[in-house]
Amino acid sequence: MTIEQINLVLSIPFASSQALLDFYRKELPGRVGNYRLDEVGPIMSVGSDEEVEGYLNKRFFFNGKGVVMEGAIDWYAAPEGDLEWNGGFVRQGYFMYLADRYESTGDERYAAAVVEQMLDYIRNVPPYDPEGKPYLEYKKSTWRPFEVAGRAAENWPVALAKIITSNSMTADAFAEIYYSIYQHARFLRQHHWKTGNHACLEVAGLGVISIFYREMKDAEEWRTYAVNLLMSKWTEQFHPDGYTQEMSGAYHWVALRNFFAFYQVAQHNGMEQIFPSVYTEWLRKTAMAEFYQQKPDFSLPITNDSNVTTRHQIQLSALMAAGLLPAEDALFRLSNGREGKKPSYTSHFFPQARLAIMRSGWDSEALYASLDMGPWGCNHMNDDQLNLEVSAYGRNLLVNSGRWRYTTSPGIDWLDKAEYFKSTAAYNSVLCDGMNQVHGDADGEMRIAADSDYACGTFCAGYGYNGGAQVSREVGSTTQTACVVPDARHKREVFYAKEAGFLIVRDTLTAEQAHRYTQIWHTAGGQVEREGNVCFSCFEDANFVMVQCGDPEIEIFCGSEEPFKGWNCPAYDHLVPAPQIEASLTGQTVVFETLILPTRGPVDRSMLPVFEKEEKDGKTIYQVTVGGKTTSVEAGCMWRLVK
């Protein structure tokens, strides 16, 4: 790669490749600064010493799965046929960890590995022409725009800023890398997705490249294009209340980070004036949505392809540093109450997303519950309507199963299992005759009061069978369903008594014919025991006690292969046994009435709560007795505590 070729893509010429390298050795580290995005793909390096040392010898392991390569690097590798692994590999986030080791040790081996492997990719996997190609071929090419942006705009800049002064980075090597970055940017400009969070990530990446390498001749046009396109995407990506249209706890941040990353880089480089004021207004709204939805341990509602071990503490810190969150509120949350000011609000309702968040406070021990009553979503859709999760005293007590593997690798023998984790059976909801929800929206509302919260959601789309995955270029993978019971209606009511610290869940199921309905509760692990109509977990620090009013048939499963029940996915491609509670009733109209009581410390079996009800003057009164103290709740059009 000659300097004459390089100068053709620059707005200012350089006398030599060495002059180009000298210029960026001075400029790039400052432009990149502390920029470092969490990787968005499910497969990525965790940066362990064992993993990083392996990369020096072409042992490529990410999240426990990988390949040992002899001879040439196979950039198309996909262990067990999982294309998501290949995506993580070719986004090359592991370069950042190699660069970290170089920065901390000065050991030239780490810098050399980055340069050599980056050049190996550039020389052996040239830009791909996607026109007219089927989606799966495009994805296998390693040049899907999502991977292009991950490499050139997110991971390479961080690694290059750390190793650019190393002896391994020669002028000729940098010239070749620099030209490839330009090719990556042109590819993004021409071939980025037109819809979804991928479109936003890819175009935001184009904007980031235009700032880090602003001497490229097209940089200003790329920057303007990126701002304009992202401005047109706010209402496609987010509800007016600030929550993601994807209705996913994890993917809310993915959608937000695309807009935020570009803004963060521009802000750091003194260029935030490129954004109109409405852009920052949307950033603040979506940042607050992230703040509201997080559980006490900074994890997220496990909805639409999320996992229980995902934590977003660092993300909150970045949003606070950028001035997008109320500083005192965020500081209180991040410091667990040691600094800042306690927020004046607790529970929150997203009126368009119809996500209800109930919480007792903002410390790590707070009680928290989330009820999803919203639209089915767009991208990453699971049939998870009316799912409920509960956390308290530092532990996630009742959690949905989470994402196992994506279903974007057709013809693989594990697809049925992957599809299970997208079905209602993997969520804290209700099945009809063992069948899952069909695709459809829910509806709901929430009332927040000083002494209690109440949310009521309904799902009326019906129940049926899965018909297999369908993969498309813009949407990815969705599972098709065939409706068998279209008239089945599920109404879920959740009442949170704040001072007493319990929740009452009432599920009402109706249909023209009698059906067997099964209420499902998943956990993240541990042990669950049962005494009559009472089930409880058995941890030392924090637990739940669940009491069923009436006499449903109760079963507990844990790590069962046949039937496949009792599993949790703490992270992508990880599967662990976890107790699952099922309660079943049969009828045209059935009602599950369930008490959920979080407790600190081990459950005292001699003092299990009592949950009763009585019909009085045409009203239903629930009575919850804990430790000799009884709390009464009147249920009806307006649930309330009875004083």
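The values are calculated or read from the model by the stated rules, or taken from the named source; none is laboratory data. It should be emphasised that the depicted structure is a prediction, and the values quoted were computed from it without experimental measurement. Note that we place each Cβ from the backbone using ideal geometry, even for glycine, and neighbour counts take in every protein chain shown. To get the accessible areas, we keep the full protein, side chains included, count just its heavy atoms, and leave off ligands, DNA and RNA. Shrake-Rupley method; radii C 1.70, N 1.55, O 1.52, S 1.80 Å.
The figures follow:
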read-out	value
Residue identified as among the β-branched types (Val, Ile, Thr), open to solvent by 20 Å² or more (accessible area, probe 1.4 Å), assigned to a strand (DSSP E or B) and within 30 Å of ARG447 (Cβ to Cβ) among THR510, THR518	THR510
Scope the stretch 45-92; condition open to solvent by less than 10 Å² (accessible area, probe 1.4 Å), touching a Gly at 6+ places or on another chain (Cβ under 8 Å) and outside any helix (DSSP H, G or I); matching residues	SER45, PHE60, PHE62, GLN92
Subset tally (residues that are farther than 16 Å from GLU137 by Cα, acidic (Asp, Glu) and under 29 Å from the mean Cα position of the chain (by Cα)) for the stretch 54-86	1
Identity of the residue in the stretch 239-288, out of contact with any Ser or Thr (no Cβ under 9 Å at 6 or more places or on another chain) and of a type in the set (Val, Ile, Thr), that ends up surrounded by the most Cβ atoms within 10 Å (Cβ to Cβ)	VAL265
Residue within the stretch 184-192 that is under 20 Å from ILE12 (Cβ atoms), crowded, with 17+ Cβ neighbours inside 10 Å and touching a helix residue (DSSP H, G or I) at 6+ places or on another chain (Cβ under 6 Å) present	yes
Given (1) of a type outside the set (A, V, I, L, M); (2) touching a residue at least 60 places away in the same chain (Cβ under 8 Å); (3) under 25 Å from ILE581 (Cα atoms), number of the condition CYS460 does not satisfy	(2)
Filtered residues of the stretch 25-44 (kept if open to solvent by less than 20 Å² (accessible area, probe 1.4 Å) and closer than 17 Å to ALA111 by Cβ)	LEU28, VAL32
Qualifying residues in the stretch 589-643 (those that are polar (S, T, N, Q) and buried (at least 20 other Cβ atoms within 10 Å of the Cβ)) - the one farthest from VAL430 (Cα to Cα)	THR599
Scope the stretch 119-139; condition surrounded by fewer than 22 Cβ atoms within 10 Å (Cβ to Cβ) and in a helix (DSSP H, G or I); matching residues	LEU119, ASP120, TYR121, ILE122, ARG123, ASN124, TYR135, LEU136, GLU137, TYR138
Residue that is nearest to the chain's Cα centre (by Cα) [pool: residues in the stretch 575-588 that are buried (at least 17 other Cβ atoms within 10 Å of the Cβ) and of a type outside the set (S, T, N, Q)]	LEU575
First in the stretch 321-337 and outside any loop (DSSP other than H, G, I, E, B), second anywhere and of a type in the set (Ser, Thr, Tyr) and modelled with pLDDT of 95 or more, Cβ under 9 Å, 6 or more apart	ASP329/SER344; ASP329/TYR345; ALA330/SER317; LEU334/SER317
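Conditions tested, residue by residue: (1) open to solvent by 20 Å² or more (accessible area, probe 1.4 Å); (2) modelled with pLDDT under 95; (3) assigned to a strand (DSSP E or B).
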{"site": "GLU445", "(1), (2), (3)": "yes, no, yes"}
{"site": "ALA450", "(1), (2), (3)": "yes, no, no"}
{"site": "ASP453", "(1), (2), (3)": "no, no, yes"}
{"site": "ASN466", "(1), (2), (3)": "yes, yes, yes"}
{"site": "ALA469", "(1), (2), (3)": "yes, yes, yes"}
{"site": "GLU474", "(1), (2), (3)": "yes, yes, no"}
{"site": "GLN480", "(1), (2), (3)": "yes, yes, yes"}
{"site": "HIS490", "(1), (2), (3)": "no, no, yes"}
{"site": "GLU493", "(1), (2), (3)": "no, no, yes"}
